[in-house]
Amino acid sequence: MKNIILFLLTFFLTFFSGAEYNSNSTTNGSELYTKILDLETRLREIEGRIQHTEYTYKQLIAKITNLTDDMNYRFSKMDQKKSSEADTVKDLKSYVKIFEQGDFSGAREGINNYIKYSNGTDKGEAYYWLGRCYMEEKNYNEAGTYFLKSYKYYPASTKAADSLLHLSFSLEKLDKKNRACTILGRLDAEYPNRSEEDKLLSKQQKTKLKCATK
């Protein structure tokens, strides 16, 4: 920066001196010296601004670096947590057993992790059991959501028909009996070959809800 200022001073000195000599200017040495001082002051102001800009830039880079390091650390911790949770995931039958033992919140937490991290092909069944957990906890909205997911996304699942039946149960609890009857009609139409026991349950549910018969 000092070299630049010296260069500019030399240039302007040469320029003004040459101009004065060639044009026989009447500008005296004092005026020329004042102009040079003013020019030097302006150049120093420019130098100060540049230095301030460089300082601000360095601070910004430092903040960005710190922020990036912090984000990388947080992501690393999140990956470690996910890896740890994935390592503890059991097979679905283990969580069904927990459900049958009456630990519905424990079963729900385990099944949620199973759905997140497992590569199993029984996700439809997992959604069904998750719905059952919510039913036992009397959270009928959430229960219906997962029964519907089980049927909608995995219609060939072994629990798809059961999901529709239990969806009608949850709708009944929400006092949506007409929709529950519609679901039971769909159950009969789409899964006519389900077990006789399941057919009996849906028939009893229709009677209970006083569904219209065709």
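The values are calculated or read from the model by the stated rules, or taken from the named source; none is laboratory data. These figures come from a predicted structure and were not determined experimentally. Neighbour counts run over all protein chains shown; Cβ positions are idealised from the backbone, glycine included.
Please verify whether ASP162 is under 28 Å from ASN193 (Cα atoms), charged (D, E, K, R) and modelled with pLDDT under 95, treating the condition exactly as stated. So ASP162 does not fit the description; no. From the list TYR117, TYR134, the lone residue that is of a type in the set (Phe, Trp, Tyr) and more than 14 Å from PHE104 (Cβ to Cβ) is TYR117.
Taken as a whole, the structure leaves MET135 outside the set of residues that are at pLDDT below 95 and aliphatic (A, V, I, L, M). At least 2 residues being without any contact (Cβ under 8 Å) to a residue 12 or more places away in the chain is the threshold, and among the helices (runs of 4 or more DSSP H) wholly inside the stretch 94-205 those reaching it are 104-117, 140-153, 177-190.
Scanning the stretch 194-214 for residues that are within 12 Å of ASP162 (Cα to Cα) and among the small types (Gly, Ala, Ser), we see that the one that is surrounded by the most Cβ atoms within 10 Å (Cβ to Cβ) is SER202.
Looking at GLY131, GLY120, GLY106, can you tell me which residue is buried (at least 21 other Cβ atoms within 10 Å of the Cβ) and under 26 Å from the mean Cα position of the chain (by Cα)? So that I can check it myself, show each step before the final result.
Working: GLY120 fails: buried (at least 21 other Cβ atoms within 10 Å of the Cβ); GLY106 fails: buried (at least 21 other Cβ atoms within 10 Å of the Cβ).
Testing whether each residue is buried (at least 21 other Cβ atoms within 10 Å of the Cβ) and under 26 Å from the mean Cα position of the chain (by Cα) leaves just GLY131.
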